[in-house]
Amino acid sequence: MKKNRIKGLFIKAVFLFAMPALFFAAGCEPVSKANNKTTVVCTVFPVYDWTKEITKDCEDINVILLEDDGTDMHSYQPTVKDLVDIEDCDVFIYIGGESEEWAKEYSEKHPNSKRTDICLMDEISGDILLENDEGIVVTEEEGEEEAYDEHIWLSLKRSIKCADVIGSVLKDKTSDPSKIENSLASYEEKLSTLDKEYEDYFSANPRTLIIADRFPFRYMAEDYGFTYMAAFPGCSAESSISFVPVVELSEGLKSNKDNVVFITESGDIDLAETVIEQSGKDAKVVIIDSLQCVSLKKIEEGATYYSLMKSNLDALKQE
């Protein structure tokens, strides 16, 4: 995508100007090492929360979230401090899709024998999907490079696999591996139970979802077999929509047995309401969380990967 090429140029500039700061930081003993703790840096909320759950009983592991201000991962740009945190940490974990090309590039260009880097899309490469325009009203321009869908955390099945990868690495980074083994087993069972709840619901309730927003939920649709009509692809930079696509979404809603239009947590409610108005139906707007804009404040208020995915199932049950 063009936006990612532009973003790549910005990141290269950040790397260039960040290097002196990194070298300066390398001359100082990091706080985490002074405390004899293993520091794990995670780029996005789902990765951070998986890691926190797995290491919750390990006092010798410190987990840091880079994107802690609620910035959408598609527009996130690392600061010099972020790069210093990565340089100083023991384990660096990231998703690795188009929005995190910067992380992949940093890992490859600045290897560190004392740091373990985990690209989760590489780790589960046999179970990721290519982006496509199925069910999308406003498609990307022809000629765009083929890419893999990065929203793997919206699949509970793939999230369990990612948690297993993280646990396998971190067992060697703590004084008591059994604590991670126990926490990992308990967490995976919890996620598997929620996965079964999703399966049971959608197997009994075939649905076509109308989404007046981006659609990052393709993995979820693949897992549970629902169909959808959405305004934009999951990584689209578009936010405005012309009259013809609005009519297309409205016609989809009109012919749908459900009376719900979904948007993500950062979606445009006015667009959803316009679709409803054009359809002539007495429908409502319901939010499903993409887990891409979770701030530290929201985490402190109790948001977890599990709680948000559980809330998503409750939202999806609305018809």
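General remarks:
- Pair list, Cβ < 7 Å and 6+ apart or interchain, from segment 281-299 residues that are free of Cβ contacts under 8 Å to residues at least 40 places away in the same chain and farther than 19 Å from L154 by Cα to residues that are of a type in the set (S, T, N, Q) and crowded, with 17+ Cβ neighbours inside 10 Å: none
- Remark: pairs (first residue in segment 178-194, polar (S, T, N, Q); second residue part of a helix (DSSP H, G or I); Cβ separation under 6 Å; 6+ apart in sequence or on different chains) = S183/I54.
- When segment 304-317 is filtered for residues that are touching a residue at least 60 places away in the same chain (Cβ under 8 Å) and either surrounded by fewer than 20 Cβ atoms within 10 Å (Cβ to Cβ) or of a type in the set (V, I, T) (or both), the ones remaining, listed by number, are T304, Y306, K310, L313, K317.
- Identity of the residue in segment 73-100, surrounded by fewer than 16 Cβ atoms within 10 Å (Cβ to Cβ) and over 24 Å from N35 (Cα atoms), that ends up nearest to the chain's Cα centre (by Cα): S75
- Of the helices (runs of 4 or more DSSP H) lying entirely inside segment 179-280, not one carries at least 2 residues that are in contact with a helix residue (DSSP H, G or I) (Cβ under 7 Å, 6 or more places away or on another chain) and exposed (fewer than 14 other Cβ atoms within 10 Å of the Cβ).
Quick note: the coordinates plus some simple rules give every number you see, no bench work behind them. Note that the coordinates shown come from a computational prediction; the quantities given were computed from them, not determined experimentally. Backbone-built Cβ (ideal geometry, glycine too); neighbour counts: all protein chains shown.
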